[in-house]
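Asks: Just dropping this structure here.
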Amino acid sequence: MPDEAPVVELAGVTRSFPGPPVVHAVRGVDLVIRRGDYVAIAGPSGSGKSTLLHLMGLLDRPSAGTYQLDGADTQAMSQRERAAWRGRRIGFVFQAFHLLAHRSVAENVELAMVYAGVARRLRAGRARAALERVGLGHRVAFSPATLSGGERQRVAIARALVAGPSLLLADEPTGNLDSATAASILDLFDDLHRGGLTLAVVTHDEAVSRRAQRRVRTVDGRVEEGA
Amino acid sequence: MTPRDLVDEALGGITARPARLVLTALGTVLGVAALVATLGLAQTAAGQVAGRFDAVAATHVVVEARTSEADTPVTLLPWDAEERVDRLAGVAASGTYARVAESAAVTTVPVVDPSGAARHDLAVVAASPGLIDALRGRVVTGRLFDAGHDQRGDPVALVGEGAAERLDLNRVSAQPTLFVGDTELTVIGIVTGVFHHIDLLDSVIVPNHTAERLFGLTGPEEVQIRTDLGAAQVVGGQAPVALAPNEPETLVARVPPAPGSVQARVEADVNALFLVLGAVALLVGALGIANVTLLSVLERVAEIGLRRALGATRRHIAAQFLVESASVGLLGGLVGTAAGVVLTVVVAAARDWTPVLDLRLAAGAPLLGAAIGLAAGTYPAWRASAVHPIDALRSAG
């Protein structure tokens with residue numbers, strides 16, 4: 001499908017934070033992520049990769065340049081429209097998992113559908129399906145506190161997938177995991193990629209970025225293709 | 001996000017820490033309980049004042065004919081007034097009253113004998129059988145006349161206690177005879193203890209139809225009614241219609257003042273101080289909710305960031321914290337109302353009072369709690385909605 005709009009299309013995107021001193025976290029970035037891509041965004045800390053992820057995740061607005069998500073211009077969107085797009089088009093996976101400790105695994109996954117506007121009667125079934133997809137079908141009623149780190153991150157991934165996003169954004173997804181558990185999470189990403197999901201993983205870990213189909217490096221707020 | 005989702009998320013938020021929920025709601029519980037108990041006890045106390053001291057007055061209704069300008073009644077009451085009034089709901093007893101003679105020569109012997117028994121000037125009154133009971137009177141000795149005496153026009157009479165003393169009557173077992181003028185009557189009872197129409201105690205009381213037959217009475221002047229507690233107003237409205245269906249406006253019912261006005265005055269006196277205390281407790285409760293909700297916002301910054309990342313708008317976040325604080329207030333209001341009602345009942349029981357509580361108070365107090373929670377949550381909710389998702393997500397990372 002060559003005519004289909006890319007999932008992410010950044011053109012001349014700059015994000016600077018007013019100082020003093022003024023910090024140019026991202027400078028004139030052009031980046032295209034097509035449907036089905038698996039992109040690793042690697043780089044040392046302070047190189048702007050997190051800011052780039054926030055911009056792609058509609059958590060932040062560029063100071064200059066344009067960002068089209070699924071072919072739609074995000075600059076023109078109001079705060080409420082951006083929130084709605086975030087809920088429906090983007091799935092976030094964080095280093096710290098960010099699970100609600102007092103809710104069951106299923107309720108944590110269902111939370112994503114509350115804001116994505118999925119009807120209540122559909123939520124339990126979809127949450128179970130998403131948990132089975134990440135290999136946690138047997139943990140539905142558990143409390144997150146009883147799960148291992150790898151299992152928690154799988155719950156977070158199920159939560160990110162459940163609303164059917166166009167793009168999965170992962171911010172150091174293996175940063176809090178040991179290497180064996182990290183490898184299993186990366187295997188899961190491979191599975192999801194083979195299933196057609198578009199992934200962008202921000203990491204400073206070479207082992208993680210090597211697993212991606214395409215690698216982008218950030219240096220001083222600019223991006224370079226290739227490793 | 002549907003309203004039900006909002007409520008679910010808010011309840012999930014506050015029930016995550018049950019101990020904190022209890023402490024947060026405590027101020028509202030105390031405030032609402034103080035208000036409900038104060039108002040409830042004031043109402044109960046006011047009810048007791050009316051119940052204990054005003055029962056006689058509060059249940060006494062008199063219906064009489066409206067008088068013309070010449071001070072003569074424009075109409076007469078029907079002979080069967082007592083039966084008509086007794087049929088009304090809320091009437092405990094009733095009876096008619098009519099003055100037959102202001103002063104009549106009464107003796108206990110038939111012959112006018114200057115050296116014999118003295119003549120006494122006594123009033124003569126015609127009554128229906130229920131009058132003594134309606135006036136809370138009782139029989140000292142003998143018996144009351146009944147409907148049979150009345151219908152037949154039997155020459156029987158009751159004598160008031162005072163009149164009996166003057167006539168030197170103290171026993172009626174021998175059926176003493178009494179002469180009113182030349183008319184011979186048999187005394188069947190001596191009565192006392194009437195709360196109204198104390199003149200009856202110095203009168204000779206004969207049945208209506210006896211008075212009609214022997215003294216030419218044309219009809220009763222007034223109906224004395226004893227009602228159930230609280231029924232006086234209603235009976236006062238209905239009795240004229242029952243007595244004169246075609247022209248009830250020719251009759252006038254005298255009823256005691258509505259109890260509400262008396263109670264309101266008593267309540268106002270008792271309440272002022274405790275209402276102030278309750279209001280202070282509520283203010284403290286509101287500050288407690290505001291404080292804890294604000295603390296909760298600061299603690300849950302990461303959760304707020306996550307919700308924003310999952311698609312929540314600033315409005316969703318603000319609404320959730322508002323509903324959370326309103327729920328805490330509602331909960332505090334419910335528990336406080338229950339505590340206030342229990343306190344009212346316990347105090348009333350300890351003093352042998354009948355607890356009186358306005359249902360609107362019981363229904364409104366929890367809503368007051370909710371409103372206080374809502375107001376207290378406004379600032380924390382605004383703070384929560386202003387949390388920037390990037391900072392929030394990073395802070396816990």
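Asks: For segment B:123-156 and segment B:277-321, compute the distance between their C-alpha centroids and round to whole Å.
Replies: Each part reduced to its Cα centre gives a spacing of 76 Å.
Asks: So, one more: What is the calculated FRET efficiency for residue B:143 to residue B:350, with r their C-beta to C-beta distance and R₀ = 45 Å, to the nearest 0.05?
Replies: Approximately 0.55, to the nearest 0.05.
Asks: How tilted is helix A:105-116 with respect to the longest principal axis of chain A? Cα atoms for both, answer in degrees (0 to 90, nearest 10).
Replies: That helix lies at roughly 50 degrees to the long axis.
Asks: Report relative contact order for chain A in percent, whole number only (criteria: Cα-Cα under 8 Å, sequence separation at least 6).
Replies: Relative contact order, chain A: 30 percent.
Asks: Still on this structure, I have one more. For chain A, what is the calculated [θ] at 222 nm in deg cm²/dmol (nearest 500), taking -39500 (n - 2.57) for each run of four or more DSSP H residues and dividing by its residue count?
Replies: -10500 deg cm²/dmol
Asks: Here's something else I'd like to know. Rounded to a whole number of µm²/s, how large is the Stokes-Einstein D of segment B:142-238 at 25 °C and 0.890 mPa s, given Rh as the Kirkwood radius over C-alpha pairs?
Replies: This corresponds to a translational diffusion coefficient of 166 µm²/s.
Asks: Relative to the compact-globule scaling 2.2 N^0.38 Å, provide the ratio for the alpha-carbon radius of gyration of chain B. Don't skip to the end; give the middle numbers.
Replies: Values: Rg = 35.4 Å, N = 397, 2.2 N^0.38 = 21.4 Å.
Here the answer is 1.66, to two decimals.
Asks: Using the alpha carbon gyration tensor of segment B:295-397, what are the three equivalent-ellipsoid semi-axes (square root of 5 times each eigenvalue), largest first, in whole Å? Present the calculation step by step, with values, prior to reporting the outcome.
Replies: Details: eigenvalues 349, 28, 13 Å².
Sorted largest first and rounded, they come to 42, 12, 8 Å.
Asks: Show me the helices of chain B, taken as full DSSP H stretches, that run 27 Å or more along their long axis by Cα and average -0.5 or above in Kyte-Doolittle hydropathy.
Replies: Counting only whole DSSP H runs, the qualifying helices are B:18-53, B:259-299, B:314-350, B:359-385.
Asks: Please report, to one decimal in angstroms, the Kirkwood hydrodynamic radius of segment B:59-255 built from all distinct Cα-Cα pairs.
Replies: With all distinct Cα pairs of segment B:59-255 included, I get 17.1 Å.
Asks: Taking the Cα centre of the protein assembly as shown as origin and charging only Cβ (+1 Lys, Arg; -1 Asp, Glu), how large is the dipole, in debye to the nearest 20?
Replies: Numbers: 57 positive and 63 negative charges, 941 e Å.
Dipole of the protein assembly as shown, to the nearest 20 debye: 4520 debye.
Asks: A follow-up question, please. Taking 7 Å along the Cα-to-C-beta vector as the label spot, tell me the residue A:22-residue B:391 distance in nanometres, rounded to one decimal.
Replies: Result for the modelled spin labels: 2.2 nm.
Asks: Test of understanding: extend the Cα→C-beta vector of residue B:118 to 7 Å, then name every residue of segment B:178-211 with backbone N under 20 Å from that spot.
Replies: Once the point is set 7 Å along Cα→Cβ of residue B:118, B:178-181, B:201-204 turn out to lie under 20 Å by backbone N, inside segment B:178-211.
Asks: Take the Cα atoms of chain A, build their convex hull, and give its volume per residue in Å³. Each step should come with its number before you reach the end.
Replies: Details: hull volume 30.1 nm³, N = 227.
Normalising the Cα hull of chain A by residue number yields 133 Å³.
Asks: To continue, here is another question. Would you mind calculating the gained length between residue A:132 and residue A:184 on full extension (0.36 nm times residue separation, minus the Cα-Cα distance), in nm to one decimal?
Replies: 17.2 nm
Asks: So, one more: Which FRET efficiency, nearest 0.05, do residue A:64 and residue B:358 yield, Cβ-Cβ r, R0 60 Å?
Replies: 0.35
Asks: If one computes the Cα centroid of segment A:186-217 and of segment A:89-154, what distance in Å separates the two points?
Replies: 21 Å
Asks: While we're here: Suppose a student asked you for the relative contact order of chain B, using Cα pairs under 8 Å spaced at least 6 residues apart; what percent would you report?
Replies: It comes to 28 percent, rounded to a whole number.
Asks: What value, in deg cm²/dmol to 500, does the helix sum -39500 (n - 2.57) over DSSP H runs of n ≥ 4 give at 222 nm once divided by the residues of chain B?
Replies: -18000 deg cm²/dmol
Asks: Kindly give Rg over Rh for the protein assembly as shown, based on alpha-carbon atoms, with the Kirkwood expression for the hydrodynamic radius.
Replies: That ratio is 1.40, to two decimals.
Bear in mind that the values in this text are calculations on the coordinates, not laboratory data. Given the structure is predicted, the values throughout are model-derived calculations rather than measurements. Because the Cβ atoms are built from the backbone with ideal geometry, glycine has one as well, and the counts that use them run over all protein chains shown.
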